Amino acid sequence: MTNWDNKNNNWKREKPFGNGVVVLKVLNDSQDVTTDFLQEIANHKTVDGYSHAFVVRCYGISRESGTGNYVMVMQYMSNGNLRQYLQSNYGKLGLMDKLTLLREITQGLSFIHEVGLVHQDFHSGNILVSEIDCYITDLGLSRPANETSKGKIYGVLPYMAPEVIQGRPYTQASDIYSWGMLAYEMFSCSPPFYEYTHDSILGLRICEGLRPNIDETIMPQLLRNLIARS
């Protein structure tokens, strides 16, 4: 559903592109509309409709007849999330394949920032892969860049920027740090800090400057420099 059709007294519905297959994202226990749900719908309304955005599209909303839970009708991605895709296909991906996927992720994040949002939960589980392209998903935590989230810490620890771990507000710079961790994962096929227990000790070490070791034989120098700057 895109907007209300006053003439026909009904919602206008957008036809999914591609093969018409969609996925239904059920928000459990959402009988009463929550702020996070409305925020995610609003964020999709902001970014949907731009083919260059590389953000998973939301075609509309519905409700389950039995539970009353809200359902988001989303663009279907046939290859799952990026973590799964890398595990299954890493040996088949050449340098240009990895750079292309990373470019799409970069373009998607750049677009999210251009429209004034901060993703706030940027990791390989929230990057979905179609037949050939990467798309960013899960905009439920995204907020306008001028809204602070001080005191609220959420995300996946290995991808979280040091300032976020310390309790400071999420910013677009925090997303860019997470992008650096994704770039590392793209070329190493291993999540950042996979060899560490994900606990408060790791959080402290990240704040003290711990970063993943980057094998110079698998990643171009220019990209290593970009990750170091992120």
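Please treat every number below as a calculation from the coordinates, not as lab data. Please read these numbers as outputs of a predicted model, since none were measured by experiment. Note that each Cβ is placed from the backbone with ideal geometry, even for glycine, and that neighbours are counted across all protein chains shown.
Using 18 Å as the cut-off for backbone N distance, which residues of the range 122-138 belong to the label zone defined by a point 7 Å from the Cα of Asp97 along Cα→Cβ? Output list for this probe position: 128-135. Between Glu131 and Leu222, the simple label model (points 7 Å from Cα in the Cβ direction) yields a spacing of 3.0 nm. Place +1 on the Cβ of every Lys and Arg and -1 on the Cβ of every Asp and Glu in the range 82-229, take the dipole about the Cα centre, and give the residue among Ile218, Gln166, Pro191 whose Cα lies farthest towards its positive end. About the Cα centre, the residue reaching furthest to the positive side is Gln166. Mind checking which of His123, Ile136, Gln84 is farthest towards the positive end of the range 82-229's charge dipole, using Cβ charges of +1 (Lys, Arg) and -1 (Asp, Glu) about the Cα centre? Of His123, Ile136, Gln84, it is His123.
With a 10 Å radius around each residue's Cβ, average the other Cβ atoms per peptide and rank 169-176, 205-212, highest first.
Details: 169-176: 19.8, 205-212: 14.2.
Most protected by this proxy first, the peptides run 169-176, 205-212.
For the range 76-230, the gyration tensor built on C-alpha atoms gives an oblate shape. Its axis ratio a/c (a ≥ b ≥ c) is at least 1.5, and a/b is not larger than b/c.
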